[in-house]
Amino acid sequence: MKVKQTVTIKFHSAYTGYNCLEFTDDNGDEVEVRMSDDNYLDLAGTINNKAERIRKERAEAAKHAAEAAAKLTSQENSEDE
């Protein structure tokens, strides 16, 4: 039988050593993950994909906010005339 354990922590910091990735939460609780070089490479790809998606979403949100601000400024300027 396989035993599964799920641990949830709020990320505060991370440290990586030679073969271990360590996470610490705000309370000082730690989670250690033993990792091989291939595990690190797989994790790097996953994190890069996630980071790129977040950057894209934020850029889109900033673009929409700038367009809305420009539209509001344009409307205010046309009302003043």
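Every number here is computed from the coordinates shown, using simple stated rules; none is lab data. Note that the structure is predicted; figures quoted are calculated from it, not measured. For neighbour counting, all protein chains shown are included, and Cβ atoms are generated from backbone atoms with ideal geometry for every residue, glycine included.
Contact order for the chain, expressed relative to its length and based on alpha carbon pairs under 8 Å spaced 6+ residues apart, stands at 14 percent.
Note on the chain: percent of Cα-Cα distances in each 10 Å bin, starting at 0 and stopping at the bin with the largest distance, equals 14, 24, 25, 14, 12, 8, 3, 0.
In this label model, GLU52 and ALA14 are separated by 1.7 nm, measuring between points 7 Å along each Cα→Cβ vector. Taking other C-beta atoms within 10 angstrom as a stand-in for reagent exposure, ILE47, ILE9 fall in the order ILE47, ILE9, fewest first. Placing +1 on the Cβ of each Lys and Arg and -1 on the Cβ of each Asp and Glu in the chain, which of MET35, SER13, ALA68 has its Cα farthest towards the positive end of the resulting dipole? It is MET35, whose Cα lies furthest towards the positive end. Remark: MET35, MET1 ranked as MET1, MET35, counting other beta-carbon atoms within 10 Å and listing the fewest first. Between helix 37-80 and the chain there is an angle of about 10 degrees, using the helix long axis and the longest principal axis of the Cα atoms.
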